[in-house]
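Read through the structure below, which is laid out as C-alpha cells, and then see the notes.
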Amino acid sequence: MLGKLTRWLRMLGHNVKYSCKLDDAQLITIAKKERRVLLTRDLELYQQAIAKGINAFYLEGQTEAEKLAKLAQRFGIKLDIDMATSRCPKCNTRVKPILKEKASGKVWECPKCGQIYWQGAHWIKIRNTLEAAKETLKKVQDKK
Ligand SMILES: [Zn+2]
C-alpha cells in the first residue's frame, strides 16, 4: 500500500523494506526480528503490531507530501535528499556517484540493479514535493 512512499524514504536515505506479498503475521515477524518500524495504512495490522510490542506507525495523509510530513513529525526525518546517503528507490541499495565529464553534471548509479540517477528536469518535481511536505510540517507544528 505504501510503495510510492517507500521510494521516497529510500531517496531520503532510509533503509526501507517493502513487500505487498507478505501477510500481516509475516510483516510483524520481520519488523520484530529486524527491529524495524512498521509503517502501514491498515488499522488492523497496526493494532496487531502495537499489541505485540512492535514500533508501528499508522500513516494517515492523502498526498505524498502529507505522508512525508507525518513521518517527519513522528520520526524527525530530514526532508532533504542528500545523494551521499541516498538509496536506490527500486532496490534499497546505497547509490554511488559516477564520475563523468563535468558538463554532464552529477550522475549516480545503483551498484546492485544498475539504475542511473541524475538531477534532471524531474528533480524540480521531487523538490516541489519535499517543499510541500516541509510546509505541511510547519503548519502542523505551528498548531501545537
Ligand atoms: Zn538499485
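What to note about this one:
- The chain: antiparallel DSSP beta bridges as a percent of all, rounded to 5: 70 percent
- Evaluated with a Cβ-only charge set (Lys, Arg +1; Asp, Glu -1), the chain carries a dipole of roughly 380 debye about its Cα centre, given to the nearest 20.
- For the range 1-38 versus the range 67-84, the gap between their alpha-carbon centres in whole angstrom: 16 Å
- Springs join every pair of Cα atoms under 10 Å in this Gaussian network model of the chain, and among CYS110, CYS20, CYS91 the largest mean-square fluctuation is at CYS20.
- Heavy-atom accessible area per residue - the range 1-110, 1.4 Å, Å²: 61 Å²
- Where only alpha carbons of the chain are counted, the Rg and the Dmax (Å): 16.6, 55
- Site-free segments of the chain were taken between GluC sites (Glu not before Pro) in DSSP loops having at most 11 other Cβ atoms within 10 Å, sites themselves excluded; the longest one is 102-144.
- Protein heavy-atom surface of the chain, 1.4 angstrom probe: 51% of the accessible area is carbon and sulfur, with nucleic acids and ligands not counted.
- Selection of trypsin sites (Lys or Arg not before Pro), the range 30-130, meeting DSSP coil and at most 15 other Cβ within 10 Å: ARG35, ARG41, LYS52, LYS78, LYS90, LYS100, LYS106, LYS112
- Under the convention that each Lys and Arg Cβ holds +1 and each Asp and Glu Cβ holds -1, the size of the dipole of the range 74-134 around its Cα centre is about 140 debye.
The values are calculated or read from the model by the stated rules, or taken from the named source; none is laboratory data. Fair warning: this is a prediction, and the values are worked out from it, not measured in the lab. Counting neighbours? That spans all protein chains shown, and the Cβs are built from the backbone with ideal geometry, glycine included. Side chains are part of the model used for accessible areas, which takes the heavy atoms of the whole protein and leaves out ligands, DNA and RNA. Shrake-Rupley method; radii C 1.70, N 1.55, O 1.52, S 1.80 Å.
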